[in-house]
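The values are calculated or read from the model by the stated rules, or taken from the named source; none is laboratory data. Keep in mind that what you see is a predicted model, and the values were worked out from it rather than measured. Cβ placement follows ideal geometry from the backbone for every residue including glycine, while neighbour counts extend to all protein chains displayed.
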Amino acid sequence: MIRITVDDEAIEGRAGQTIAGVLIGAGRTAWRTAQTGERGVFCGIGVCHDCLVTVNDVEGVRACQREAVDGDRVEREVRA
Amino acid sequence: MRVAVIGSGIVGAACALALVEGGAEVVVIDRVGVAGETSSRCEGNLLVSDKAPGAEADLAVASNAMWRVLAARLDAERPAGQPATEFEAKGGIVVAFGGGEAALERFAEVQRATGIRAEAMDVASLAAAEPYLSREVVHAVHYPDDAQIQPSAATQALLDTAIRSGARLVIGDVTGPLDRSGRADRSGRLAGVMTTAGPIEADAVVNCAGPWAGEVAARLGARLDIRPRRGVILVTTPMPQRVFHKVYDSDYVGAVGSGDAALQTSTVVESTPGGTVLIGSSRERVGFDDRPGVAPAAAIAAKAVRLFPFLEETLLLRSYFGFRPYAPDHLPVIGADPEIAGLVHATGHEGAGIGLAPATAQLVAHAVLGAPTALDPAPFLPGRAGLQETA
Amino acid sequence: MTGVTVATGVTDTTRARGARRVAILGGGPAGLAAAQAALAAGADVTLLDEGGRLGGQYWRHHEQLTDRRLQHGWGRFERLRGVLDRAEVHSGASVWSAEASDGLVRLRAVVGAADAAGRTALDIEADAVVVATGAHDLALPMPGWTLPGVTTAGAAQALAKRDGVTVGRRTVVSGAGPFLLPVAQSLAIAGSEVVGVHEASRLTGLAAGWLPRPWQLAGKAGELVEYVGALARHRIPYRIGSGVVRVLGADRVEGVVIAALDAQWRPIPGTEREVACDSVALGHGFTPRLEVAVALGAVVEGDRRGRFVAVDEAQRTSVDGVFAAGEVTGIGGADAALAEGAVAGFMAAGGSLDDDRMRGPLAVRRRMRAFAVRLERAHGIQPGWTSWLSDDTVVCRCENVTRATIADRADVPMRAMKLATRAGLGACQGRTCGRAVEAIVADAGGAPEGFDRRPVLAPVRLGEVAALAPDLHALHTGSTVAAAGPEQ
């Protein structure tokens, strides 16, 4: 088990899951605010950049590519 | 009067609009279509801050004022489908790191003498204006008249407007001149141009082919020494706005103008309405070489990170490059060809073509139609000594 | 500056031996087969894979989370992986620049956690490169496709295999091609009810395509039987000549509209019906990942219905020392990729096509090329799909550009169109919408050009790029890079 925070809320996932996998496993399907609405995972293999999140203060991380590490701080990105 | 304009970049589009509104019957000829090359491969800086006193500075100041009126008009008259110019009178801030402050202030001083507004900024006002700027910056000068435009969109808006006023766009490549009888010929006054899309008769031909203007001139039997200079630009992913003006490193101030081929860079960082940050730019004299490799991008990135440390962790989205037309004496070439009657050139803007387009168009309308202008055409004439020596 | 260390791709000892240095881009079937063959031919091999674990899309896995029923040809994967101890292997490697000149290949990558800042720089020089960068799903736009819960078919499979999760509990699968079958199986095993699989192609097309040789479908007869068995076991309806044409919902997927499609993939009026679901997996085909090959100068052939790296029988591209294998050269499945990879790796290492070891791969390659043609004939995207778009349907997901906005600007050069509308200029750089934008431009009478050229090949941070510059002191004093006035 690993534990990460998403916008300060703690959620649990399994070791080796991507951040997208942890988020979906925790029942979340949308975690980015785009100009026309909420987005989550789309291509799942790092191509579409829909699933971007800020991880440990670094912006623009593809949640579907990044393996979640215990203690990761994940934050929502909002496109103005 | 029938006028053929060769090239539908920003200069060709601005000339087409000025000519059609001056009463001419205008055909624009381009190999690929509107803004297919240089004008879609640059930054859209409308600058006065980088101009040392002289003829080009005077042209830049006049053109800057014209852009404010023109962009507002293009956007106000914009029908559905025509892009907005994204004109922003955001102003520029030129900054110096330790050791460069004296040169920057001296440069600003001579600019002020010619009427360019250049205001020294104190630490507090700089921090308020650009909170993410490097704390190592020791001096800054604010140029309120520097502005920005989306160059491709502005070019398209200009050409769309010209076309709505009666200009015509023909996709084709110019292959040679037409003489009075309508045949392709290399003697006498130009009667138009032969193109891959057929002959186009014209009473005047305006060569706005940018870095390819020398080649076009040669096909029309004229001599014009215009060469390409490659510039690479970087674009980041969209982000919340952290850069609020056009911000330049002043390291170019006082640098000896160099004609060699070595990679040169000057740092310009700015946000765009799309949320990306645009970072320019390099200049290399390598002909039309289309493989810039990583060296220019690395040099630009390094200097941009120095200016705005947050950029270090910013994702590079894409890079692009274009070819800027320059003359041996580094001045724009605008006016009648000294040898071929009926041929007018408008090129050689060397990376300043977006900013100088409206004033260039006014000079072209003056040369072709005799339209009035307050600008002095003399420094830019193709027959000037600085060009003839090398042609 | 973040700590950036530079590793070299090739050790001094290998140079001393004079072995050919072969770089392989991609750790899927084609790349792994290329590595094995190049090693067998005596080359020094450096393999770069962007994934955290080797295997590509086909062998995507997680030691604990992947259900074994979703793995095919696992023994082959383990054998290929087993020989890699003689190669230099970099997982998590993003190759962001690639150049080829004078018979030398130069690659620049950053290695580390995906999209982290300050990853380790890798600068590789090689005598030859095998581009085995694969393909990604092509999901066609439709109204509602930006709603959370809509994913590509590949995403559904990747999440099932790698993460052991599904986006929803009730999924509709729609698109074209045999790949929809394993996707449906993956979803079912990972715990989502698959409401139906909708194949846009019609029976006649299917029969003319792969039905005469169904064993070639996804590699092996056993695999096909297994997929069909899985559909039956999970009671998943398989409908041909139909597809999802609209996704319903306010903030997330609440249902879909399914319509019968004609041979041109136009929805047939009056056949629309709503189906409730919370997730949709779309896979209308594949888009090869061409940017590395294009950056290396390789010629790409085809039209807007499909463009691939042109290769000869030896998997040579148009550029000396640049080879390509797998889905970048044509969509042919895992067996084709394995065979092409073996040929490419062997030839890149300086081998000969006459070598006995090439007979098997060459034979498979020939057979699978023919299969790829039939696959495209049976399942290839048909131009009528654009009729299920509305004017206000978002086509470019990154920049939220609608169909009408693109169509209104179809008459200017593609570059000008993109800059006027922002279509394809966003974070994914047109990887997702490129083919759709081209189709809309073509419908509107324009002349689409490709979206294939992307000078920045993979996400890289400015600090990582800046690390390649001569030091800042040198920059500032102008000893290597002179200063110049601003560019306008």
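Descriptive notes on the structure:
- A single member of B:Glu284, B:Glu270 is charged (D, E, K, R), in contact with a strand residue (DSSP E or B) (Cβ under 6 Å, 6 or more places away or on another chain) and crowded, with 23+ Cβ neighbours inside 10 Å, and it is B:Glu270.
- Annotation for segment B:308-326: no member residue is closer than 30 Å to B:Pro382 by Cβ, surrounded by 24 or more Cβ atoms within 10 Å (Cβ to Cβ) and polar (S, T, N, Q).
- Every residue from segment C:156-199 that is among the polar types (S, T, N, Q) and over 17 Å from C:Ala230 (Cβ atoms): C:Ser174
- Selection status of B:Ala262, outside any strand (DSSP E or B), facing chain C (nearest Cβ under 7 Å) and surrounded by 24 or more Cβ atoms within 10 Å (Cβ to Cβ): no
- Scanning segment B:104-112 for residues that are aromatic (Phe, Trp, Tyr), under 27 Å from B:Leu331 (Cα atoms) and assigned to a helix (DSSP H, G or I) turns up at least one hit.
- Applying the criterion of being closer than 30 Å to C:Arg266 by Cβ and touching a Leu at 6+ places or on another chain (Cβ under 8 Å) to the residues of segment C:430-473, the residue that is surrounded by the most Cβ atoms within 10 Å (Cβ to Cβ) is C:Ala436.
- Hey, C:Ala218 small (Gly, Ala, Ser), modelled with pLDDT under 95 and either under 18 Å from the mean Cα position of the chain (by Cα) or part of a helix (DSSP H, G or I) (or both) or not: yes
- Test: residue in segment C:346-364 that is assigned to a helix (DSSP H, G or I), within 20 Å of the chain's Cα centre (by Cα) and not aromatic (Phe, Trp, Tyr): no
- Among the residues of segment B:361-375, those that are part of a loop (DSSP other than H, G, I, E, B), touching a residue at least 24 places away in the same chain (Cβ under 8 Å) and in contact with a helix residue (DSSP H, G or I) (Cβ under 7 Å, 6 or more places away or on another chain) comprise B:Ala371, B:Leu375.
- Considering each residue of segment A:49-56 in turn, none proves to be more than 7 Å from chain C (Cβ to nearest Cβ), touching a residue at least 40 places away in the same chain (Cβ under 8 Å) and assigned to a loop (DSSP other than H, G, I, E, B).
- Residue that is nearest to B:Cys42 (Cα to Cα), among those in segment B:10-28 that are surrounded by fewer than 22 Cβ atoms within 10 Å (Cβ to Cβ) and out of contact with any Lys or Arg (no Cβ under 9 Å at 6 or more places or on another chain): B:Glu21
- Residues considered: C:Ala281, C:Ala263, C:Ala250. Of these, the only one that is surrounded by fewer than 18 Cβ atoms within 10 Å (Cβ to Cβ) and either more than 13 Å from chain A (Cβ to nearest Cβ) or assigned to a strand (DSSP E or B) (or both) is C:Ala263.
- Options C:Gly326, C:Gly283, C:Gly302; residue that is under 13 Å from the mean Cα position of the chain (by Cα), over 28 Å from B:Val294 (Cα atoms) and not acidic (Asp, Glu): C:Gly283
- In a residue-by-residue description of segment B:277-289, the property of being more than 14 Å from chain C (Cβ to nearest Cβ) and within 20 Å of B:Gly221 (Cα to Cα) applies to no position.
- Residue in segment C:307-327 that is part of a strand (DSSP E or B), farther than 28 Å from A:Gly44 by Cα and at pLDDT 95 or above present: yes
- Picking from residues in segment B:53-65 that are out of contact with any helix residue (DSSP H, G or I) (no Cβ under 7 Å at 6 or more places or on another chain), among the small types (Gly, Ala, Ser) and closer than 20 Å to B:His142 by Cβ, the one that is surrounded by the most Cβ atoms within 10 Å (Cβ to Cβ) is B:Ala57.
- Flag for C:Ala458 being farther than 18 Å from C:Ala293 by Cα, more than 7 Å from every other protein chain (Cβ to nearest Cβ), within 17 Å of the chain's Cα centre (by Cα) and touching a residue at least 40 places away in the same chain (Cβ under 8 Å): no
- Flag for A:Ile45 being assigned to a helix (DSSP H, G or I), among the β-branched types (Val, Ile, Thr) and at the interface with chain C (Cβ under 7 Å from one of its Cβ atoms): no
- The set of residues in segment C:147-163 that are in a loop (DSSP other than H, G, I, E, B) and more than 7 Å from chain A (Cβ to nearest Cβ) contains only C:Leu147.
- Long-range neighbours under 6 Å by Cβ, at least six apart or interchain, first residue on the phi > 0 side of the Ramachandran plot within segment C:394-423, second among the acidic types (Asp, Glu): C:Arg422/C:Glu399
- Residue within segment B:53-61 that is part of a loop (DSSP other than H, G, I, E, B) and within 9 Å of chain C (Cβ to nearest Cβ) present: no
- Some residue of segment C:426-444 being part of a loop (DSSP other than H, G, I, E, B), within 10 Å of another protein chain (Cβ to nearest Cβ), touching a Lys or Arg at 6+ places or on another chain (Cβ under 6 Å) and not polar (S, T, N, Q): no
- Residues satisfying the stated conditions in segment A:21-33, i.e. at the interface with another protein chain (Cβ under 7 Å from one of its Cβ atoms) and either under 22 Å from C:Cys396 (Cβ atoms) or not hydrophobic (A, V, I, L, M, F, W, C) (or both): A:Gly21, A:Gly25, A:Thr29, A:Ala30
- Residue within segment C:138-146 that is assigned to a strand (DSSP E or B) and aliphatic (A, V, I, L, M) present: yes
- Yes/no for B:Leu278 being among the aliphatic types (A, V, I, L, M) and part of a loop (DSSP other than H, G, I, E, B): no
- Residue in segment B:51-61 that is at pLDDT below 95, in contact with a Lys or Arg (Cβ under 9 Å, 6 or more places away or on another chain) and closer than 22 Å to B:Ser282 by Cβ present: no
- Only residues that are closer than 9 Å to C:Ala114 by Cβ and of a type in the set (Lys, Arg) were counted across segment A:59-80, and they come to 2.
- Failed criterion for B:Val34 (all others in (1) away from chain C (no Cβ under 13 Å); (2) modelled with pLDDT of 95 or more; (3) under 24 Å from B:Val364 (Cα atoms); (4) in a loop (DSSP other than H, G, I, E, B) hold): (1)
- Evaluation of A:Val61 against (1) crowded, with 24+ Cβ neighbours inside 10 Å; (2) within 10 Å of the chain's Cα centre (by Cα); (3) outside any strand (DSSP E or B); (4) hydrophobic (A, V, I, L, M, F, W, C) (one fails), failing number: (3)
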